[in-house]
1. Of the numbered conditions (1) at the interface with another protein chain (Cβ under 7 Å from one of its Cβ atoms); (2) out of contact with any strand residue (DSSP E or B) (no Cβ under 9 Å at 6 or more places or on another chain), A:Arg160 fails exactly one; give the number of that condition.
2. Within region A:74-130, count every residue that is in contact (Cβ under 8 Å) with a residue 40 or more places away in the chain and polar (S, T, N, Q).
3. Go through region B:624-640 and give me each residue that's under 30 Å from the mean Cα position of the chain (by Cα) and among the basic types (Lys, Arg).
4. Of everything in region A:226-265, what is part of a helix (DSSP H, G or I), more than 10 Å from every other protein chain (Cβ to nearest Cβ) and in contact with an Asp or Glu (Cβ under 6 Å, 6 or more places away or on another chain)? Give them in sequence order.
5. Please find, among B:Gly658, B:Gly667, the residue that is modelled with pLDDT of 85 or more and part of a loop (DSSP other than H, G, I, E, B).
6. So which pairs qualify, if the first residue must be in region A:23-49 and polar (S, T, N, Q) and modelled with pLDDT of 85 or more, the second must be surrounded by 16 or more Cβ atoms within 10 Å (Cβ to Cβ) and part of a helix (DSSP H, G or I), the Cβ gap must be under 6 Å, and the two must be at least 6 apart or on different chains?
7. Residues in region B:83-134 that are over 25 Å from the mean Cα position of the chain (by Cα) and more than 30 Å from B:Cys499 (Cβ to Cβ): how many?
8. So which of A:Gly105, A:Gly62 is more than 22 Å from B:Leu17 (Cα to Cα), in a loop (DSSP other than H, G, I, E, B) and more than 9 Å from chain B (Cβ to nearest Cβ)?
Amino acid sequence: MNPKGQPEPAERALLPWETDGSVKLMPRDGLRMLVNNVAVRGYLVAALAALAMIFLMLFNLGSDIGGILIVIVGLLGLLFQWRTAPGIVLTILTYFMVFPFGIPGESFENRWEIEEARFRVTDIVLVLSVVVYVIAQYRVYGLAHQALIFENSVRRKEDRPTRRPPSLIRPAEVAVMVGISVVMVIAGQVLWYVLNGFEVATTEEFPFKPSEPGRSLRRLEPTGGLPAGATRFVLLVGLFFFGSLIAHLIFGYWRLRMLGQAEGAMMVLDSGWIETKREHQRVALWHAWARERASPGRTRYTDSSSEAKP
Amino acid sequence: MLTARGWWFLIVLLLMLVIGAFITPYFSVVPALVSLTLLAWFVWEWALFHARSNGAVSRLGVTRHVLQGGREVPMVWAGLGFEVRVSIKNPGSFSIPFGVFEDRAAVATEIIAGSKQAFARLEARESLEIVYTLRCPAPGVLRFEGVRVRVADFQGFFYRHVFLRVPVEMLVLPPLTDDKGRQRATKRFNTLPPPGIHRLRRPGSGSELLDLRDYRPGDPPKMIAWKASARRDRLITKEFESDVPVRAVLFLDTSEGVRLGPPGNTLLTRLASVAAAVSQAAAGNRDLFGLTTFDETEAKVIPPARTQLHMINVLRQLAEVSALQPSAIGVPPEQLIRRANPLAHEVYPELMTKKINSLPFSRLWIPLLDRKYGWVILAMILLSPLLLMVKGWTTGVLNFAGARTPAPWPFLLKVFWFFLVFAVSIFPPATFALIFWGLHGVRGWFGIRRRELTRRKQLSALFAIQDGTGASGVEHYIADDTAFANRVSQFLQRHLLRCPVPLYDTEGRYRFRCPAKATVLANAMVRAVSRARDNELYVILADLAELGPDLMPLVRACRVACARHHHVLVIVPWPSDVPPPDHPIIEVDESMGIDPTVAARAKTTGQQKGKTPSVRQQRTVLIAAARRSVMMRTVRDSLTKQYHELFRNLRRELGRVGGTVMRVNDGDPVQHVLDRLDRLRGMRSRR
């Protein structure tokens, strides 16, 4: 009873998606969560908008079948929590970008495509839509089905997937996601520009120089440099290699700084053991042999790895 | 750290990049742009996750508070709920956007309210609190290991699992008993002495008249019985009984045999609960009580007293012994590994990773020369060059190799093939020996041998770190089965995890009979008798039924105690799956019906493979089940009869010398002990 003497309203029972993430959602509950929960609905709207934009872009390119297929797969992936939906969408997109009508062999080769496509607005919008869709799809999957992996190598019947509860979604999360997508789209454009905007100059002091217009058209390099495709490959591999090297150096050093005492001791022990394991193994076997000699009635001592019975 | 989902996504991106950047860039650059953009985003997420992992997850701190009755306590009472508050603080400058924080609750407890798990977002320099209420039904020791933290990014591409180890051990004291409800409320004799004392029929300063005797010079005048003196015409003095305290000594069996069973439901736990109830009731009556715990090797004595501090000491001792576990001697190392490995991975995940606790392939190789026949193989290799002394051997092998080299092959291939055939056939015994050597050694790289050795090495390295024995300790535990079994047993006991132990040895004998405890108990009793001041009650809480002929030392000790007018009461724990002695045993009848569950199982046999079982199959299953059921009943009834016989022998042997034997589940043993104390106190009193 409240102070006015009126009965308190009955406490509302928690909806399945309002519980913690250990409760598995049935597919129907997952659908209801997408529609009813305000925070999750933001992701749904973003993904649907992205799918609509992809359809429009593909329709504009004359690839209406591809657009429809992508929308269908994307929608089904969102509604039924298909983990493989983004991969299928990316595959369909790649196919229909090469063969717009969906028929193998019917494609348009443009020798100026690489140079004309630099910072093209339609490409930027299409890429942004795809990125937003992929991120939203994976996040919805984590909210509706599974966010944390199973830890045991053998799956058991009683294993339940762990979701991310919608209550943990921050208010500005969708906006941040779109903002990061925009930044990444720009980064992707810059990367593609770098990969095609330089060429290997073996005779120069610095082995790279800005490429001349129309260079991407040349299949072979008359001056002894690398052709366009090989230059792209070298630059891409070089970027990956040095990027990952720097990242590993930074994060590896950081990780070493954060090592606990026990972890450090284990590293030292493990490396010491690897260097001396054969000698220690021999000594341990001799000790076991001596103990067995001293007490013949006791258990036999064996090295389980070598089957040695001294 | 990269999950399967992350790997698949990365593979799809790389394939798309290869196609878009190198195969189809002249048709459309969109695939290349999409893959590069998604790759850049993937790298961004990777870097962000690493930063959060190092800057926040690795720096988390945990504090724990246990509250009972509204205040923080160092130990808790069994049967009463207590609140656990775990606070997780993130002192770093990065936030954890999504994490699952799970407190590893102690074993043998039940959650009454709240949840030990929290799905939360932990901001930088903020704390998270997990609050839940536990109840521990039985006395013992609680161990809280720490908090398990699992973090992932929003997409599920990256994952990290850490365990914040903050081990806390707490005693669970036996439950508080209602001592007033357990003792008699009606006073039957006016002469009943006040609580805490009883009348001893020796002259003393009590209030009950014992006897009259002639006056001796020095007797106080107030003790003179004037009326009796007048009647007899000489001075007669009154003698009063002596009021002395009642003392009870509890002997609690803590041997291996009573430690068997699931946590919180062992025979030892039940005996300890009885001992605790008796102790508290005795303390409530202001009687003195002592506790002696004994096993196969030694006895620990807490002498009788009745202070509060003594009460707490006894309860602590009972709680500590309730947590004892059977030793794992005789358990195969593989079984121990299967038990200890998941625990080690859960509690010490960072020390069990292959990155820093590795096993190289060279260690998995099985050395041939550790076997005796390995030297024969070596001799075959070393003596093979003697074949060169055979006339024409080299020429013959060269011709053989030349004849086996195909003519149309390219020159370099022909040269390679020629030398290969020559090398193989020049020394055939060495070739066969080397092949055997290789096959012998490479067996260690595959199958269960590799798995078992990998787990054993990782556990050995963990133990070596904890013991500080270094690299030699690792090989010591790998090579010595007994040392490894002992260490794993210690590890499991330390973490209060029970390991299934074999009950019978290879010759079919019960491994936990513990005959040596009879001698230890007898010595402890004789010691207590030698220190006794007046009539005392000895309560033996022990599993003695299995001892049989080894009971004689205890019978002799009971005889000594009863000869000194002490009382001996033996309370035997009774296995829950054995019917009581007065319960009739149903004789095995071959025509008894079959369990309906078996019949149901017979009907479903073969249905898992999508087939309907035939009548013949059903009949076969039913007959096999019936045979098994009959055999099980026969064995169970035989064991029950044997146990009943042993119990009757025990009762007869101890009853002959004046001891009373009862079962722990026969009525209320606590009430029985209190009645005995009343009898001891009032001497003439009875229920």
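1. (1)
2. Result for region A:74-130: 3.
3. Narrowing region B:624-640 to residues under 30 Å from the mean Cα position of the chain (by Cα): B:632-633, B:635-640.
Listed by number, the residues that qualify are B:Arg633, B:Arg636.
4. The one that is part of a helix (DSSP H, G or I), more than 10 Å from every other protein chain (Cβ to nearest Cβ) and in contact with an Asp or Glu (Cβ under 6 Å, 6 or more places away or on another chain): A:Thr231.
5. Working: B:Gly667 fails: modelled with pLDDT of 85 or more.
Residue meeting the stated conditions: B:Gly658.
6. A:Asn37/A:Pro166
7. 29
8. A:Gly62
The values are calculated or read from the model by the stated rules, or taken from the named source; none is laboratory data. Source: prediction; values computed, not measured. Backbone-built Cβ (ideal geometry, glycine too); neighbour counts: all protein chains shown.
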